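What follows is a short report on a single structure.
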Amino acid sequence: MFLRKSIKSIITKALTRISSSPHHLHRRFLQSNLPRRVISPSLSSCGDDVTTASVYEHGTASPQLHILEFFLIISVRYGDKGREMGKGRTQMEVGADGVALITIENPPVNALSPDVLLSLKENYEEVMRRDDVKAIVLTGARGKFSGGADISSFKEGEGESPRNSSMSIEFLTDILEGGRKPSVAAIDGLALGGGLEIAMVCHSRISTSSALLGLPELQLGIIPGLGGTQRLPRLIGLTKALEMMLTSKPVKGKEAYALGLVDAIVPPGDLLITALHWAIEIAECRRPWIKCLYKTDKLGSLREAKEILKFARAQAQKQSAYLEHPRVCIDVIEEGIVSGPRAGLLKEANASWTLQFSPTSKSLVHVFFAQRATSKVPGISDLGLTPRNISKVGILGGGLMGSGIATALILSNQRVILKEVNDNFLQAGVGRVKANLQSRVKKGTMTQENFEKALSLLTGVLDYEQFGDVDMVIEAVIEKVDLKQQIFADLEKYCPPHCILATNTSTIDLNLIGESTKSQNRIVGAHFFSPAHIMPLLEIVRTHNTSPQVVVDLLAVGKKIHKTPIVVGNCTGFAVNRMFFPYTQSALLLVDRGLDVYKIDQAITKFGMPMGPFRLADLVGFGVAVATILQYLQSYPERCYRSELMKLMLDDKRTGESSRKGFYLYDDRRKATPDPEIGKYIERSRNMAGVEADPQLMKLSDKDIVEMIFLPVVNEACRVLDEGIAVKASDLDIASIMGMGFPSFRGGLMFWADSLGAKYIHTTLEQWALTYGNFFKPSSYLAERAAKGIPLGAPVNQASSRL
């Protein structure tokens, strides 16, 4: 029973981590006082280094940051055009002791690009021929073993036979692992993806305690392709191997040693000399010469293994039937256990190659590059501006949003002044921040010492006395225009002239908020998503007057607090909320026309959303939802659908989850169940709208429901792009994923829309508009791209050149 619960937990975690928030590497240099060696470089090609500045633009890695960055960052060194291959190599030095030291050199993280792998193969073929070499040590340059495969090469070779089977079997298994000379991997910094797979092929592994070892391939919709699915279970056991692969969770060197993944832990300064001695001792039969591909002692019995894998497969199917690659990974592992490791290697090579070209993998790779591109803003990031130091931040309002923003800031070592209007509100706000931190302590992700340190950075106040030296203020009070206007007028009086004046408003026009201030160039939107200390997206909203320096500063703040920023223009709802306002409205239209509430929610969750529009409305609360709908009716009356359904329910004291009654009923544990009583409200809403149930709509398939909900969202996103509110379609992909939970394995809203095609979307919306009105009327942007066959995600300048 315990084992089943463990596997269930692993699968659940895995399927919630398919999307990732990539982050950044730190530099470390391995130094060693080794005897001088004869250098015999093996180069498959040569050329000048491609700049790696973009890799390090975000500075030192935080322990909170997600491991996928380490695996993926290697691809950034190549541009979209004119990719310069031939930059990487391995270099071999043969010492007087008879040990060949082979070093992977491919900055910044020693990616296993094709040239590196070819160079490595040439080195191994040479050492196997040479009589003066009796053992090999394999390591990576500049304190990093290897960050894994070159992701930018994924798109190459579609439709061809798998290239990795010869590398995995003929080279790594038959020559490196099966050769007559032992290899020892000396691991520092990171050994991820293919890097760890090659390390496992070696006959022993020596690591530093801080090294990171993992197989994060599943976060890209693929599986390990160089033997990882076969060797990892044999080294650390099946259950732990499933966890590492399915969750993409790495381990540090110390844990890797405890698991049996590495054989010794040494300080960085002793790494190479220890590995050299270890290799000699294996060659001289003073240490065991282990080919882990054929180990079976940690696999358990065949019956136990098959039971674990069967249960894991069932959980994967239950948790996410639309994701193929977790189940493929399990199948490949089982093939090796049942039919033998070489059969497993062959199946792994074929499956990993095929998955590279799957829609899921293409989507997830797109998401990664799109996320890194959000900070590249024409007219902002290309001006050469340096972010100013933000040492002290004021926050106005200690409610749910204000306290969440304060939490995010102090977690990143930022001093915060939290202002409220009275002591009761202030103590409540500080209490919320404490609760946010204590939650981390309970989960084991924060020590008590760090809890105290973070809390010491927060100061609560009731006036503006301590605002004289703040560098930025974020207003997070209730959505009342006159209140916000008064606050900004006060801020201009009490804050220094360089201070950034930011608002967390989700819908109100920034020009309206700051109309009575003289400092228009300092006003900017800093729209966090709730809960602000957890949700990864930050909308930076600029007006026509906002200084580029202010935007650059806020981009830096977002990076510091581990948010993914998107820079957007000023309008009602900005980018995220505006493009998604049709999400609930189209659902209400369908219900008024006879479609079942719960069928809609079910279809949307099956599509991959965390919840359907009606469950979301319950969570947000009808008060907020109705007020928001009224704002959009005011701003965009020509294309809004006006439904009275939620207002009718609100008038009857149904407010959503908070009152335990909304579209669903909620028990003490907040578990939602359908409520048959909502039928009477739907009937009244239908009568007020003057429409009747449509028998055709009542028969819609899940696919049709998804399209009727999301195509109006795509249509509005087109308007957001056309008006310049968003800089590029890929920003809206990231916004839809991180702000609204759009499934990352579909690549984001616009990437998914392009899989349908602009022409199909335009034609479909035109047909619906004829039947159901202007709510579905295609935008001019969509019509233009459909007519010219231009993808919705194509850059505006690219589209213009084709018109």
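The values are calculated or read from the model by the stated rules, or taken from the named source; none is laboratory data. Quantities reported herein were computed from a predicted structural model and do not represent experimental measurements. Don't worry about glycine lacking a Cβ; one is built from the backbone with ideal geometry, like all the others, and counts go over all protein chains shown. Surface accessibility is based on the protein's heavy atoms, side chains included, excluding ligands, DNA and RNA. Shrake-Rupley method; radii C 1.70, N 1.55, O 1.52, S 1.80 Å.
Output the qualifying pairs, or none if there are none: Cβ atoms under 8 angstrom, residues six or more apart or on different chains, first residue in the stretch 399-418 and closer than 20 Å to residue 494 by Cβ, second residue in a helix (DSSP H, G or I) and among the hydroxyl-bearing types (Ser, Thr, Tyr).
418/403
Just one of 205, 234 is assigned to a helix (DSSP H, G or I), of a type in the set (Lys, Arg), at pLDDT 95 or above and buried (at least 19 other Cβ atoms within 10 Å of the Cβ); which is it?
234
Among the listed residues 780, 755, which satisfies the condition of being modelled with pLDDT of 95 or more, surrounded by fewer than 16 Cβ atoms within 10 Å (Cβ to Cβ) and within 22 Å of the chain's Cα centre (by Cα)?
755
State whether one or more residues within the stretch 335-347 are open to solvent by 20 Å² or more (accessible area, probe 1.4 Å), more than 25 Å from the chain's Cα centre (by Cα) and at pLDDT below 95.
Checked against the condition, which is being open to solvent by 20 Å² or more (accessible area, probe 1.4 Å), more than 25 Å from the chain's Cα centre (by Cα) and at pLDDT below 95, the stretch 335-347 yields no hits at all.
Tell me which residues, restricted to the stretch 499-512, are within 33 Å of the chain's Cα centre (by Cα) and either at pLDDT 95 or above or not small (Gly, Ala, Ser) (or both).
Once the filter is applied, which keeps residues that are within 33 Å of the chain's Cα centre (by Cα) and either at pLDDT 95 or above or not small (Gly, Ala, Ser) (or both), the stretch 499-512 yields 499, 500, 501, 502, 503, 504, 505, 507, 508, 509, 510, 511.
Would you check which residues across the stretch 450-470 are small (Gly, Ala, Ser) and open to solvent by less than 10 Å² (accessible area, probe 1.4 Å) and list them?
Within the stretch 450-470, just 454 meets the criteria.
Go through the stretch 270-324 and count every residue that is under 21 Å from residue 202 (Cα atoms) and not charged (D, E, K, R).
The qualifying residues number 21.
Looking at the structure I just gave you, is residue 290 more than 14 Å from residue 196 (Cβ to Cβ) and either of a type in the set (Asp, Glu) or in a loop (DSSP other than H, G, I, E, B) (or both)?
Yes; evaluated as a whole, the condition is true for this residue.
If residue 248 passes every condition in (1) at pLDDT below 95; (2) open to solvent by 20 Å² or more (accessible area, probe 1.4 Å) but one, which one does it miss?
Against the list (1) at pLDDT below 95; (2) open to solvent by 20 Å² or more (accessible area, probe 1.4 Å), residue 248 comes up short only on (2).
Restricting attention to the stretch 471-498, and to residues there that are out of contact with any helix residue (DSSP H, G or I) (no Cβ under 7 Å at 6 or more places or on another chain), crowded, with 17+ Cβ neighbours inside 10 Å and farther than 18 Å from residue 401 by Cβ, which single residue is modelled with the lowest pLDDT?
Among those residues, the one meeting the criterion is 492.
Conditions (1) surrounded by 21 or more Cβ atoms within 10 Å (Cβ to Cβ); (2) of a type in the set (Asp, Glu); (3) touching a Lys or Arg at 6+ places or on another chain (Cβ under 6 Å), marked per residue:
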{"residue": "741", "(1), (2), (3)": "no, no, no"}
{"residue": "744", "(1), (2), (3)": "yes, no, no"}
{"residue": "774", "(1), (2), (3)": "no, no, yes"}
{"residue": "787", "(1), (2), (3)": "no, no, no"}
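Would you pick out the residues in the stretch 693-713 that are open to solvent by 40 Å² or more (accessible area, probe 1.4 Å), farther than 13 Å from residue 604 by Cβ and touching a residue at least 40 places away in the same chain (Cβ under 8 Å)?
Within the stretch 693-713, 693, 695, 698 qualify.
Could you list all residues from the stretch 576-609 that are open to solvent by less than 10 Å² (accessible area, probe 1.4 Å) and hydroxyl-bearing (Ser, Thr, Tyr)?
583, 586
Please determine, by comparing only the residues of the stretch 320-333 that are open to solvent by 40 Å² or more (accessible area, probe 1.4 Å) and in a helix (DSSP H, G or I), which one is farthest from residue 746 (Cα to Cα).
331
From the list 415, 388, 440, pick out the single residue that is at pLDDT 95 or above, more than 26 Å from residue 498 (Cβ to Cβ) and not aromatic (Phe, Trp, Tyr).
Step by step, each of 415, 388, 440 is checked, and only 440 is at pLDDT 95 or above, more than 26 Å from residue 498 (Cβ to Cβ) and not aromatic (Phe, Trp, Tyr).
Considering each of 183, 168 in turn, give the residue that is open to solvent by less than 10 Å² (accessible area, probe 1.4 Å), closer than 28 Å to residue 131 by Cα, in contact with a helix residue (DSSP H, G or I) (Cβ under 8 Å, 6 or more places away or on another chain) and modelled with pLDDT under 95.
Unique residue meeting the criteria: 168.
Six or more apart or on different chains, Cβ under 8 Å: which pairs go from a residue in the stretch 268-286 that's modelled with pLDDT of 95 or more to one that's part of a helix (DSSP H, G or I)? Could you list them?
Taking only residues 6 or more apart or on different chains, the pairs are 268/143.
Looking at (1) in contact with a strand residue (DSSP E or B) (Cβ under 8 Å, 6 or more places away or on another chain); (2) part of a helix (DSSP H, G or I); (3) surrounded by fewer than 19 Cβ atoms within 10 Å (Cβ to Cβ); (4) not polar (S, T, N, Q), which one does residue 256 not meet, given that it meets all the others?
Among (1) in contact with a strand residue (DSSP E or B) (Cβ under 8 Å, 6 or more places away or on another chain); (2) part of a helix (DSSP H, G or I); (3) surrounded by fewer than 19 Cβ atoms within 10 Å (Cβ to Cβ); (4) not polar (S, T, N, Q), residue 256 violates only (3).
Can you name the residue in the stretch 373-408 that is of a type outside the set (S, T, N, Q) and assigned to a helix (DSSP H, G or I) and is also most open to solvent (accessible area, probe 1.4 Å) among such residues?
400
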